[in-house]
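What follows is one structure encoded as structure tokens, with my remarks underneath.
The values are calculated or read from the model by the stated rules, or taken from the named source; none is laboratory data. Keep in mind it's a predicted model, so treat the numbers as computed, not measured. For neighbour counting, all protein chains shown are included, and Cβ atoms are generated from backbone atoms with ideal geometry for every residue, glycine included. Calculation scope for accessible area: heavy atoms of the full protein, side chains included, ligands and nucleic acids excluded. Shrake-Rupley method; radii C 1.70, N 1.55, O 1.52, S 1.80 Å.
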Amino acid sequence: MDYKTKPIGRKDLRAIAKWFRHQFKCRNRFRFDVINAFERIHQLFPQITTEVVEDDSVDVITDPKIPAACNPDMNGGYHIAVREHVYCGACHGIGGYRAHILHEMCHAILCILGFTPILDRAFNNNEIKPLYLSMEWQAKALAGEILVPYDETKGMSVKKIKFLCKVSDSLAKYRLFLDDNNGSDPSDYNC
């Protein structure tokens, strides 16, 4: 399920990504330490809690097909739960699992920054149009910008991006798509 929120474009998401990497003192120009951020996010944002849940648990993440989730809590904060196999995979550098965890963290960060749901929503695979109003698109785009820093990866091959940033093939290919389109995509909101 997706929700509509206020608009934000890739340029602003890119700025948030730089700020986020700085907050976590990311020393590596390319690889962002998702596990370290997941385990420390509550230190920078006390309103965010995290938990690794058993793979078959349906207490916190009710749909067994969902690898991770970010849910509002009773105190106005956000709780991020990640399935154990996803967490372990991310610890071993599997790009897709790293992206899943960071995507959920991005939901919480964006909500804290004011990009909260508006009553309009889409169920199943019905996308919210334009995409820059979609909470899912915003979290995915922000996670991509954190994992693959735009300025640092200009002109790189898919293979090099995958190796240096420890991301999936699809994320590395999307980064090249952005290069081919002057750093933006058709979904971007141009303020």
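Brief remarks follow.
- Cβ-Cβ distance of D73 and D180, R₀ of 45 Å, FRET efficiency by 1/(1 + (r/R0)^6): the value works out to about 0.65.
- Solvent-accessible area, 1.4 Å probe, carbon plus sulfur percent, for the chain: 52 percent
- For the residues T62, T116, a 1.4 Å probe over the protein chains yields an accessible-area ranking, largest first, of T62, T116.
- Where labels lie 7 Å past Cα in the beta-carbon direction, separation of T116 and W19 in nm: 1.8 nm
- Answer label for semi-axes √(5λ) of the Cα gyration tensor in Å (calculated), chosen among [x] 24, 21, 16; [y] 28, 18, 17; [z] 54, 14, 11: [x]
- Convex hull per residue volume in Å³, alpha carbons only, for segment 13-87: 111 Å³
- Bridge orientation summary for the chain: considering DSSP beta bridges with both residues in this region, about 60 percent are antiparallel.
- Relative contact order %, the chain, counting alpha carbon pairs below 8 Å whose residues are six or more apart: 33 percent
- FRET efficiency estimate (nearest 0.05) - Cβ-Cβ, H92 to T49, R0 25 angstrom: 0.55
- Across K6/K162; K18/K140; K25/K166; K65/K154, pairs whose alpha-carbon gap is larger than 25 Å: K6/K162; K65/K154
- Under a 5 Å amide H cut-off, with hydrogens placed 1.01 Å from N, V53 pairs with V82, R83, E84 among residues at least 5 apart or on other chains.
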